[in-house]
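First comes the structure, then the notes that go with it.
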Number of protein chains: 2
Amino acid sequence: MTTTVGIGLLGCGTVGASVADRLQRDRERIVERAGVSYCLRAIAIRDCMKRRPESLERELFTTAARAVADDPRVDVVVELIGGLDDAADLVERALRRGRHVVTANKDLIGTQGPQLRRIAESAGASLRYDAAVGGAVPVLRILEEALAGDEILRVTGVLNGTCTAILSAMEAGSSFEKALADAQRLGYAEADPSNDIAGIDAAHKLAIIAQTAFGAPLLSPQIPTKGIRGITQADVANARSRGLRTRLVASLERTAQGVRASVAPVVLPEDHEFARTQGVENAVQIDARAAGRLTLRGDGAGGSATASSVLGDIVAVLRTIAPAASILATA
Amino acid sequence: MTTTVGIGLLGCGTVGASVADRLQRDRERIVERAGVSYCLRAIAIRDCMKRRPESLERELFTTAARAVADDPRVDVVVELIGGLDDAADLVERALRRGRHVVTANKDLIGTQGPQLRRIAESAGASLRYDAAVGGAVPVLRILEEALAGDEILRVTGVLNGTCTAILSAMEAGSSFEKALADAQRLGYAEADPSNDIAGIDAAHKLAIIAQTAFGAPLLSPQIPTKGIRGITQADVANARSRGLRTRLVASLERTAQGVRASVAPVVLPEDHEFARTQGVENAVQIDARAAGRLTLRGDGAGGSATASSVLGDIVAVLRTIAPAASILATA
């Protein structure tokens, strides 16, 4: 059986362009890893005039995103538009038609994850979103796979690099405003950083972790969330003078009363795993009954790191399609 | 389609007893995670008189290990005997009969991994050995799955807790001999710690990492390996006086000339990720082209941590059997 899996991309910003470019240029290695051949069928974009990687032929591009999600030659839809407006509609549409979906959209999964998983399940489709949490740090994959036979007790982490960059700069003497402006200039913060600063971005990620670790239908708006807007240079300097660093920490715990989740700024001893984060780095600690404590650290944002995680999910989906014949033989 | 997957256990030491106990007592959660029902059919042991967990019925136990590997009701063989003598024969035997195999045996995979994978492949069987490297630290899973779409450049790590425990004690003033005796008394070192101290244990693990990260047919005897036997209290104290700590570090790198691997004691600044390891902790750094640097840290040994990893592999195998129907529908 020789199958060629059709892939359709929605969005071609920093992450999307990097994913598309790698799908074309690393084809040989990816096909070998996945065990199945694939073809990039179409890339939905907004702006026809923007410059794109040279590896991508002009004919791939279209402004008709719905047509890509509906295309019968597309088996896997990779959604990298982000946000809730178009992305939510397109992902739901693709899943209802039985398309496998890979997305890095934390807003979408953080607010509609349980519902989208139900749609995927009843359509027999995969829905993967590893890149939505932790960038290249494979938090969800470890919770879902490595610890599949264990019991997760607690997950805590520094999940928002923008806040870390701002707080680090404030520890070095900047005001909040200057630290924010610098983070934007350096590309650590987006043009509209309000979700990052208010802790909403971290809450989306924590909700997704709760859904994965505990099967809890927790949505991000339900998480008590405090951002870093109210923190002054004096607060940060005062903590530093006591050997402490300030970080935005997301916490999740299974208790007798159910799952307890929160996002808030926390002061930490400077040799603490979370205090050691710099810039876009994310750090996560997972406590499991048998495994004990696992600590993970790595790039939590950036086009390249996020693209690595999206490609990992694409390979995972390709693998579920690839080995059908051999699985049948052993079942 | 309702399938019940038969599981046979070879070995019931610390790890085996913990795995068997959890398979019986956490059945509901594991079945839910795996998507398929299972039945523990038999447990092969050497000593009939030894005390076993109460969750395990007497009828499960047998001293006929070959009969377990051959049992037609056993679909998944979990090898936790360790070493090369019986284990190698039993694993090969099970694979040739198309049984899926889960093992924590680093000696076996480190010296015969490529050959066993070929046998598994031609028999259409899975061979999983996550617990052979890093204990509960999911190094192999991350290399193989999370980074499946990326290019691994370099993997380094502290992979042997016995050496860390001995070197830490020497840094605190112990002689090598006293540190070793203490590590044995505390359960960090085995009765025969020669493989740990000579770096051979770390070399097995590094070979398995090379096989996974680079698809390289590297075997542990091919790796230049230097252990910690020759290190004196004076060496360690001298390093400490310069703010350095000594750790046994395993390194693996892809170069233009091929894969370069080595195991040797290294001195490191005390805030280095590897210098911060204590006791049985393992720490691993993975450098990938797109993902950047990932750092992992956690319990690298101990019955409970290793059992968590073995159970993760059992769930992974169960999942490949479980969803055959739905995969077919979408393929």
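The values are calculated or read from the model by the stated rules, or taken from the named source; none is laboratory data. What you are looking at is a predicted structure, and each value in this text was computed from that prediction instead of being measured. Cβ placement follows ideal geometry from the backbone for every residue including glycine, while neighbour counts extend to all protein chains displayed.
Among the residues of region A:250-282 satisfying the criterion of being modelled with pLDDT of 95 or more, among the small types (Gly, Ala, Ser) and within 25 Å of A:Leu218 (Cα to Cα), which is surrounded by the most Cβ atoms within 10 Å (Cβ to Cβ)?
A:Ala250
At least 3 residues that are within 14 Å of chain B (Cβ to nearest Cβ) and hydroxyl-bearing (Ser, Thr, Tyr) in each: list the helices (runs of 4 or more DSSP H) lying fully within region A:130-206 that qualify.
Values: elements: A:161-171, A:176-185, A:194-197.
Of the helices (runs of 4 or more DSSP H) lying wholly inside region A:130-206, none has at least 3 residues that are within 14 Å of chain B (Cβ to nearest Cβ) and hydroxyl-bearing (Ser, Thr, Tyr).
Out of curiosity, is B:Arg260 more than 27 Å from B:Gly187 (Cα to Cα) and touching a residue at least 24 places away in the same chain (Cβ under 8 Å)?
no
What's the number of the only condition in (1) buried (at least 18 other Cβ atoms within 10 Å of the Cβ); (2) modelled with pLDDT under 95 that B:Glu54 fails to meet?
So the condition that B:Glu54 fails would be (1).
Tell me, yes or no, whether region A:203-225 has at least one residue that is surrounded by fewer than 17 Cβ atoms within 10 Å (Cβ to Cβ), over 24 Å from A:Val139 (Cβ atoms) and not assigned by TED's automatic domain parsing to the domain that holds A:Gln112. If you could, list the steps in order and put the result at the bottom.
If we filter region A:203-225 for residues that are surrounded by fewer than 17 Cβ atoms within 10 Å (Cβ to Cβ), which is where we start, we get A:215, A:217, A:221-222, A:224.
Now drop any that are not over 24 Å from A:Val139 (Cβ atoms), which leaves none.
Scanning region A:203-225, I find no residue that is surrounded by fewer than 17 Cβ atoms within 10 Å (Cβ to Cβ), over 24 Å from A:Val139 (Cβ atoms) and not assigned by TED's automatic domain parsing to the domain that holds A:Gln112, so the answer is no.
Residues that are under 22 Å from A:Asp287 (Cα atoms) and within 14 Å of another protein chain (Cβ to nearest Cβ): find the strands (runs of 3 or more DSSP E) completely inside region B:239-308 holding 1 or more of those. Full working, then the answer.
Details: elements: B:244-255, B:258-269, B:281-288, B:292-299.
By residue number, B:281-288, B:292-299.
Considering only residues that are within 12 Å of chain A (Cβ to nearest Cβ) and under 27 Å from A:Glu144 (Cα atoms), look in region B:104-129 and name the one that is nearest to the chain's Cα centre (by Cα). Please lay out each step first, then the result.
Our first condition is that a residue be within 12 Å of chain A (Cβ to nearest Cβ); within region B:104-129, this holds for B:120-126, B:128.
Okay, now just the ones that are also under 27 Å from A:Glu144 (Cα atoms), so B:120-121, B:124-126, B:128.
Values: B:Ala120: 18, B:Glu121: 21, B:Gly124: 23, B:Ala125: 19, B:Ser126: 16, B:Arg128: 10 Å.
Per the stated criteria, the residue is B:Arg128.
Among the residues of region B:76-89, write down those that are touching a helix residue (DSSP H, G or I) at 6+ places or on another chain (Cβ under 7 Å), over 16 Å from B:Thr14 (Cα atoms) and surrounded by fewer than 24 Cβ atoms within 10 Å (Cβ to Cβ).
Listed by number, the residues that qualify are B:Leu84, B:Asp86, B:Ala87, B:Ala88.
Answer with yes or no whether B:Gln285 is over 25 Å from B:Gly187 (Cα atoms), at pLDDT 95 or above and in contact with a strand residue (DSSP E or B) (Cβ under 7 Å, 6 or more places away or on another chain).
Details: over 25 Å from B:Gly187 (Cα atoms): yes; at pLDDT 95 or above: yes; in contact with a strand residue (DSSP E or B) (Cβ under 7 Å, 6 or more places away or on another chain): yes.
Answer is yes for this residue.
Please give the number of the condition B:Ala125 fails out of (1) in a loop (DSSP other than H, G, I, E, B); (2) at pLDDT below 95.
With (1) in a loop (DSSP other than H, G, I, E, B); (2) at pLDDT below 95 applied to B:Ala125, the lone miss is (2).
Could you grab me the full set of residues in region A:1-22 that are surrounded by fewer than 23 Cβ atoms within 10 Å (Cβ to Cβ), out of contact with any Asp or Glu (no Cβ under 6 Å at 6 or more places or on another chain), within 18 Å of A:Arg319 (Cα to Cα) and within 11 Å of chain B (Cβ to nearest Cβ)?
A:Met1, A:Thr3
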